[in-house]
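Beneath this line is the structure, given in structure tokens, with notes to follow.
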């Protein structure tokens, strides 16, 4: 399964994915527009030292992150949920 975390200290716009024996680091969002229409640069690496460094970076970042789940989303203020709901109508433009 997938677990989602929100990094708290500041906005972090990095994209990285740690897989079994490789990692993906790059500028692409995992959406239709980014993968098919935008110019992006991504790396897939399998060097064990890089994997270990990325895993350690994730561990440090998780210490400053909160897990996002259905309950935490339901606890958001009403105005925030309304704004997010409204903005979903424009997601195809992003």
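The values are calculated or read from the model by the stated rules, or taken from the named source; none is laboratory data. Keep in mind that what you see is a predicted model, and the values were worked out from it rather than measured. Every residue, glycine as well, gets a Cβ built from its backbone with ideal geometry; the counts of neighbours run over all protein chains shown.
Just name the residue that is nearest to residue 20 (Cα to Cα) out of those in the range 61-84 that are at pLDDT 90 or above and exposed (fewer than 10 other Cβ atoms within 10 Å of the Cβ).
63
Say whether the condition of being assigned to a helix (DSSP H, G or I) and either at pLDDT 90 or above or closer than 17 Å to residue 3 by Cβ (or both) is met by at least one residue in the range 19-36.
Checked against the condition, which is being assigned to a helix (DSSP H, G or I) and either at pLDDT 90 or above or closer than 17 Å to residue 3 by Cβ (or both), the range 19-36 yields no hits at all.
Give all pairs with beta carbons closer than 7 Å in which a residue from the range 47-68 that is part of a helix (DSSP H, G or I) meets a residue that is modelled with pLDDT of 95 or more; count only pairs at least 6 apart in sequence or on separate chains.
Every condition considered, the pairs that remain are 50/23; 51/23; 54/23.
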